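Following: one structure in structure tokens, then a few remarks.
The values are calculated or read from the model by the stated rules, or taken from the named source; none is laboratory data. Owing to the predicted nature of the structure, the values given are computational and were not obtained by experimental measurement. Backbone-built Cβ (ideal geometry, glycine too); neighbour counts: all protein chains shown. Just so you know, the surface numbers come from the protein's heavy atoms only, side chains and all, with ligands and any DNA or RNA stripped out. Shrake-Rupley method; radii C 1.70, N 1.55, O 1.52, S 1.80 Å.
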Amino acid sequence: MLARQAVIQKIAAAGLVAVVRAESSEQAAKIADACIAGGVAAIEITFTVPGAADTIKDLVRTYKAGEIIIGAGTVLDSETARIAILAGAQYVVSPSINFDTIRLCNRYQIPVMPGAGTIKEIVEAMEAGADIVKVFPGEILGPAFVKAVRGPLPQAPLMPTGGVSLDNVGDWIKAGCVAVGVGGNLTAGAKKGDWQSITAIAREFVAKINAARGR
């Protein structure tokens, strides 16, 4: 398993996290394969998925060589975070700040990304030990929110989830985000078994992220 800082660096380098709400471990594995082919650094299995811990465990076994970083999302409390970590999750994402969850992840040196929707919450998350702060809900806050926050807090490591599309991903990156989390706008093809579309869209996201970074 990658060390804590290595996980964060890999996510930031690629700039793209796929938020996966799969119906089974098999479907999640196919999404992961498609994401790897498209240059995605990490996938986030949300705990809204039935059997999420088992799905994470299966994916960690399948991709033990480190082709892709497997994380857990929609983690609401420290109990769920511990289940995710024991299943092999390499990072933990929450929709809001739960200090017990942050403390537990810090205890086990697992990167943690709590959600925040105000500058006060962002500061609180950073002070508590968040590695990256999830800007949520992204579709409501928008890139302008990130740009405004980065004025007084240029050191804030921010990653939006929700509302990130091919049309605006460049705006998010230019506003100062270290990465973006993308769900249905990336993985919608899974419902029809169209894995190639996931790979193609992932490549487009990565290309637009790189362009926004001047690469």
Just want the answer: with Cβ charges of +1 for Lys and Arg and -1 for Asp and Glu, which residue in Gly129, Ala175, Met159 is farthest toward the dipole's positive end in the stretch 115-175? Ala175
What does the extension gain come out to for Gln5 and Leu76, with contour length at 0.36 nm per residue minus their alpha carbon separation? 23.2 nm
What do you get for Rg/Rh over the stretch 1-68 if you use C-alpha atoms and the Kirkwood form of Rh? 0.94
Isotropic mean projected area of the C-alpha convex hull, the stretch 35-81 (nm²): 3.5
Can you tell me the relative contact order of the stretch 7-77? Whole percent, Cα pairs under 8 Å, sequence separation 6 or more. 35
Which values of log₁₀ I(q)/I(0), to two decimal places, follow from the Debye formula for the chain at q = 0.10, 0.11 Å⁻¹ with a uniform point scatterer at every Cα? -0.37, -0.45
Output the pairs from Lys64/Lys120; Lys57/Lys134; Lys120/Lys191; Lys120/Lys174; Lys147/Lys192 with a Cα-Cα distance over 28 Å in this structure; if there are none, say none. Lys64/Lys120; Lys120/Lys191; Lys147/Lys192
In deg cm²/dmol and to the nearest 500, what is the mean residue ellipticity at 222 nm of the chain if only DSSP H runs of at least 4 residues count, each as -39500 (n - 2.57), divided by the residue total? -15000 deg cm²/dmol
Less than 16 Å from a label point 7 Å out along the Cα-to-Cβ axis of Ala29: which backbone N atoms in the stretch 44-65 qualify, by residue? 52-65
Provide the per residue accessible area, probe 1.4 Å, for the chain, rounded to a whole number of square angstrom. 43
Pop the C-beta distance of Lys192 and Leu166 into the FRET formula with R0 = 22 Å and round what comes out to the nearest 0.05. 0.70
Give, in whole angstrom and from largest to smallest, the semi-axes √(5λ) of the equivalent ellipsoid of the stretch 119-215, with λ running over the eigenvalues of the Cα gyration tensor. 26, 15, 11
In nm, to one decimal, how far is the modelled label at Ala65 from the one at Val123, with both set 7 Å along Cα→Cβ? 4.8
For Leu166 the rounded accessible area (nearest 10 Å², probe 1.4 Å, non-protein molecules ignored) is 40
